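Coordinate-derived values only; no laboratory data. Given the structure is predicted, the values throughout are model-derived calculations rather than measurements. Neighbour counts are summed over all protein chains in view; Cβ atoms, including those assigned to glycine, are modelled from backbone coordinates with ideal geometry.
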Amino acid sequence: MDPIERFFQAGLKLSHLRLLTMFDSLGQIRLVAEKLNVTQPAVSKQLAELEAGLGVPVLRRVGNRLFFTPVGETLMKRAREVFHQLEQARFEVDALTSGISGKVSVGAVATVMPVFAPQLVLELKKRAPHVNVSFFEATSDRLFPMLGAGALDFVLSRTGPPRADAAAFASHAVLDDPIVVVCGRDHPLAARRTISAADLVELPWILPPREAPTFLALQEWMHEHGLEFPDGCVQSISLQANEAMIGAYPFLALMPLAVARQGVNREKLAILPLEGTRFLETVQLFYNHTSANPVLPVALGCIESAEKTISTFLLP
C-alpha cells in the first residue's frame, strides 16, 4: 500500500478537510484559528500533519500570503463536496428519526411533470414520509412568478425565467432529456430507418399550446425546412391522452425522451430519426436559496436521487 493510500484510509481526518475549506473562505491561518477558537500553532500543526501524510505541501507562501498548491486546491474542492454530502445526510437522518413534517410545493412544465413527479414522490416517501407534496403543472411564464411569490418551493423547467428575474433564483441542470418527435408503432413512418423533413408534409400533429417553448422550437424547425402545420391538428398537453390518440390515429407528436423510451419499450410508440429534432434538451431546477422551508433541502436531495433513476429510462 503506498503512503498516500495509507494516509487516506487511516490518517486523513474530517478536521484536516475542514481546515482547508475554512482557509479557502477566510484566507488567513489567524482567522481560521479565531473561528475554531484555537491557537495558530494548533492550526499549523494540523496542516503539518496533513502535508506529512500526503508527502507534498497543500499551501505555499508568496510574500506575506499563503495560497493553495494544486494538490491543496484539489483536496479543498473535494472537501467541500464531502461536507455538502454530510450536511445532506444530516437532513435525511433528521427527517427519518424526528419524523420531519411539513409541505413542499413543486411546479413543473407539462413535459417534465410526468417524468419527475412519480420518482420524486417515491424518494420523499423514503426519506420524509410525513411530508405533504403538492404539484402544480403550468407553463414557465406562470410558474416563475409563483416561485418568486413563495407559492412554490422549486420549479422544474426547460427554460429559465426572464433575465431580469434570473438573479432571484438558484438554479442548476438536473437532467438531459430532449423533446423528440414520436408516432404510433403502426404509423407508416414508424419502421423507417431514415426520414427527411419532406416525409412530414401534410401529416397531422398533436401540438402543445402555441405559446409553449416546445411549440416554438418545433415551429422554427418546420419553417427552416419549408413546412407548415396542416389543418386537422390537435392541441393537447396531456402526454397520457396524446399516447392514446397516437395509438388510434396517425398523428405525430412531441414527447420527452424519457417518456418516449417507455412507450417504445411497451411497443406503443416509435421515435422518429429526424435530424435536428431534439428540442430543449436540458431540464433545470430553480429554487429560492433564501427559503425558510425546512423540507426544501430534503426535497432537493430527492431530486438528485430521482434524476439517477430517470437517467436509466433514457438508455436505448
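Estimated from the Cβ-Cβ distance and a Förster radius of 35 angstrom, the FRET efficiency linking GLN240 and ARG163 is about 0.55.
The phi torsions of the range 15-20, fed into the Karplus equation with coefficients 6.51, -1.76 and 1.60 and a -60° offset, translate into couplings of 5, 5, 5, 5, 4, 5 Hz, rounded to whole numbers, with Gly and Pro shown as x. Using 0.36 nm per residue and subtracting the Cα-Cα separation, the extra length available between PHE8 and LYS103 on full extension is 30.1 nm.
In the frame of its principal axes, the range 28-171 has Cα extents of 57, 41, 27 Å, reported largest first. For the range 3-94, the convex hull drawn through the C-alpha positions has a volume of 107 cubic angstrom per residue. With N counted as the residues of the range 127-239, its alpha-carbon radius of gyration over 2.2 N^0.38 Å works out to 1.38.
Shown is the FRET efficiency for ARG266 and SER171, computed with R0 = 35 Å from the Cβ-Cβ distance and rounded to the nearest 0.05: 0.55. In sequence order, the range 162-167 has phi-based couplings of x, 3, 5, 9, 4, 5 Hz under the Karplus curve 6.51 cos²θ - 1.76 cosθ + 1.60, θ = phi - 60°, and Gly or Pro positions carry x. Applying Stokes-Einstein at 4 °C and 1.567 mPa s to the Kirkwood radius of the chain, computed over alpha-carbon pairs, gives a translational diffusion coefficient of 56 µm² s⁻¹.
Rounded to the nearest 0.05, the FRET efficiency derived from the C-beta distance between LYS77 and SER15 at R0 = 22 Å is 0.80. In terms of the mean number of neighbouring beta-carbon atoms within 10 Å, the peptides 264-272, 247-255 order highest first as 247-255, 264-272. Compared with the direct C-alpha span, the chain from SER311 to GLN40 gains 92.8 nm at full extension, assuming 0.36 nm per residue. For the cross-link pairs LYS268/LYS308; LYS77/LYS308; LYS77/LYS103; LYS45/LYS77; LYS13/LYS35; LYS103/LYS308, the ones whose C-alpha atoms lie over 28 Å apart are LYS77/LYS103. The ranking of CYS302, CYS183, CYS233 by Cβ neighbour count inside 10 Å, starting from the fewest, reads CYS233, CYS183, CYS302.
The share of alpha-carbon pairs in the range 211-316 lying farther apart than 17 Å comes to 66%.
What list of whole percents do you get for P(r) of the range 178-246, with Cα-Cα distances grouped in 5 Å bins up to the one holding the largest distance? Pairs per bin, as whole percents: 3, 14, 26, 29, 21, 7, 0. Summing +1 for each Lys or Arg and -1 for each Asp or Glu among the other residues whose beta-carbon sits under 11 angstrom from that of VAL283 gives -3.
Hey, how many Å between the Cα centroid of the range 115-181 and the Cα centroid of the range 23-57? Cα centres, the range 115-181 to the range 23-57: 41 Å. Neighbour counts of other Cβ atoms within 10 Å put TRP205, TRP221 in the fewest-to-most order TRP221, TRP205.
The range 295-316 and the range 234-274 have their alpha-carbon centroids 23 Å apart. Full extension of the segment from ARG65 to ALA191, taken as 0.36 nm per residue of separation minus the current Cα-Cα distance, would add 38.6 nm. Listed by Cβ neighbour count within 10 Å, with the fewest neighbours leading, MET222, MET22 appear as MET222, MET22.
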